[in-house]
Ligand code: GLN
């Protein structure tokens, strides 16, 4: 593998600025890597090679002309196929949108382009971001670079696998219940769910609007912070966007100092059902934080036990409403438009053919939970429990500056293992869902390989809304100290096998 592929985004940026390498060379190296390995990893739904190279050339020319460019100018990025990007099909991983060409760019797409990042292509995901393995993609399953027979997590498995397979140094995901952090956890990469409203949802195909949060994915904490800074910030086009300054996440990642910081271990996120190797690596990482001067306390968040049930009422309710727009008239697929079927029949046949089983399950569940006879019993109750979960967080954040847990109860499971068991699949997000329900922020950073199966384990750090910088402060401290223990570098340096 060429050395360029191993560099972090920050290292690439330094070499690009110093003129040691051109954006074209960096882009071409990643396109070659995609060409060489993506047949096995299957991280990408679409690769945009020609446009990426043309963009890189334009950046090189401007740099040569003496123009001062942003810190990530010329660095490649892969984007989850949920973000509108003109000129490339945007599918949301669904057959119902196959071939749809968006007439506009998502705000985040535009910010990437405005800061001169080079978009390599669109990554695979579970259909409409519903899943924890990418097995629900309407097109194909993505494979985990650590073991090609295992899932790369989901829904953003494509964005995480692209990083772990060195096909891209940066990628973009969305996190509604864990779809950035769980894939990061099982692929040995870094994934951040920013504060809800800190990153724009404009042009992001909606799953559950009160939960959906775009965020950065990277191989190091500093890289994630650099990308966070590019994509975050107020957007008047998104009515839930927060008009507040973006915290200094890059400064926090560089400081990496946890002295005196109170770290709260959430009692409810561990124990029964958690893989022993995951718990062991989590405990060791906690000891590392203590050695570096953090104060470890235990906190209890009793309503977290109901988070999964709450999420699986609120999320499908919003899904059933958001997905009503796929009506065979406005976007993508249209079935039986032969003059012999009524509009209603065309609509129903199109939705029947275009949506996969998991999407249909959630539309049905959500419609039921919102129906007049059951609204109070299900949707109404779930909203009340959501408030109790927020209060648990508020109380816990009085005792601790950040809360921590494993990112997910197990390491990467085998492809096929949970696909027929929705409940087992949903449990992959036990630890990540509370932060979505409360709207606060969280990160997953690698904390080692599980001794029971040799697969990556993720450490989750949660912080209050708008305190995203704390995630990077603690994440970078952990990364630095663990990296030293691993002999320098990052967990992915231990990747073995055909993709190393
Ligand atoms: N796995 C969760 C689900 O299926 C989370 C999805 C997400 O964050 N987009 O809903």
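The values are calculated or read from the model by the stated rules, or taken from the named source; none is laboratory data. These numbers were taken from a predicted model, which means no experiment stands behind them. Neighbour counts are summed over all protein chains in view; Cβ atoms, including those assigned to glycine, are modelled from backbone coordinates with ideal geometry.
A few comments on the model shown:
- For the range 149-180, the tally of residues that are within 12 Å of the ligand (Cβ to nearest atom) and not in a strand (DSSP E or B) stands at 12.
- Set 385, 402, 359: member being in contact with a strand residue (DSSP E or B) (Cβ under 6 Å, 6 or more places away or on another chain) and either at pLDDT 95 or above or within 28 Å of residue 261 (Cα to Cα) (or both): 402
- Of all the listed residues (105, 116, 147), the sole one being on the phi > 0 side of the Ramachandran plot and surrounded by fewer than 24 Cβ atoms within 10 Å (Cβ to Cβ) is 116.
- Qualifying position, being within 15 Å of the ligand (Cβ to nearest atom), buried (at least 24 other Cβ atoms within 10 Å of the Cβ) and under 20 Å from the mean Cα position of the chain (by Cα), among 447, 431: 431
- The number of residues in the range 205-221 being closer than 24 Å to residue 114 by Cβ and either within 12 Å of the ligand (Cβ to nearest atom) or surrounded by fewer than 24 Cβ atoms within 10 Å (Cβ to Cβ) (or both) comes to 6.
- The range 100-148: number of residues that are within 12 Å of the ligand (Cβ to nearest atom) and in contact with a helix residue (DSSP H, G or I) (Cβ under 9 Å, 6 or more places away or on another chain): 11
- Condition broken by residue 341, with the remaining ones in (1) touching a helix residue (DSSP H, G or I) at 6+ places or on another chain (Cβ under 6 Å); (2) away from the ligand (no atom under 14 Å from the Cβ) satisfied: (1)
- Exactly one residue among 364, 314 is within 16 Å of the ligand (Cβ to nearest atom), surrounded by fewer than 14 Cβ atoms within 10 Å (Cβ to Cβ) and in a helix (DSSP H, G or I), and that residue is 364.
- Every test in (1) more than 16 Å from residue 303 (Cα to Cα); (2) assigned to a helix (DSSP H, G or I); (3) more than 16 Å from the ligand (Cβ to nearest atom) is passed by residue 384 save one, and that test is (1).
- Every test in (1) touching a strand residue (DSSP E or B) at 6+ places or on another chain (Cβ under 9 Å); (2) within 16 Å of the ligand (Cβ to nearest atom) is passed by residue 226 save one, and that test is (2).
- Some residue of the range 282-292 being within 27 Å of residue 176 (Cα to Cα), buried (at least 17 other Cβ atoms within 10 Å of the Cβ) and within 16 Å of the ligand (Cβ to nearest atom): no
- Restricting the range 378-387 to residues that are within 26 Å of the chain's Cα centre (by Cα) and closer than 9 Å to residue 310 by Cβ leaves a set whose member that is surrounded by the fewest Cβ atoms within 10 Å (Cβ to Cβ) is 383.
- Taking each residue of the range 410-425 that is under 20 Å from residue 148 (Cα atoms) and looking for partners that are part of a helix (DSSP H, G or I) with beta-carbon atoms closer than 6 Å, six or more apart or interchain, yields 412/186; 418/424; 418/425.
- None of 202, 196 is within 13 Å of the ligand (Cβ to nearest atom), modelled with pLDDT of 95 or more and in a loop (DSSP other than H, G, I, E, B) except 196.
One line per residue, one yes/no per condition, for (1) touching a helix residue (DSSP H, G or I) at 6+ places or on another chain (Cβ under 9 Å); (2) modelled with pLDDT under 95; (3) outside any loop (DSSP other than H, G, I, E, B):
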position: 241; (1), (2), (3): yes, no, no
position: 264; (1), (2), (3): yes, no, yes
position: 280; (1), (2), (3): no, no, yes
position: 284; (1), (2), (3): yes, no, yes
position: 289; (1), (2), (3): yes, no, yes
position: 296; (1), (2), (3): yes, no, yes
position: 303; (1), (2), (3): yes, no, yes
position: 306; (1), (2), (3): yes, no, yes
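- Condition met for residue 425 (outside any helix (DSSP H, G or I) and either surrounded by 20 or more Cβ atoms within 10 Å (Cβ to Cβ) or at pLDDT 95 or above (or both)): no
- Taken over the range 317-330, the criterion of being more than 12 Å from the ligand (Cβ to nearest atom) and surrounded by 18 or more Cβ atoms within 10 Å (Cβ to Cβ) is satisfied by 317, 320, 322, 323, 326, 328.
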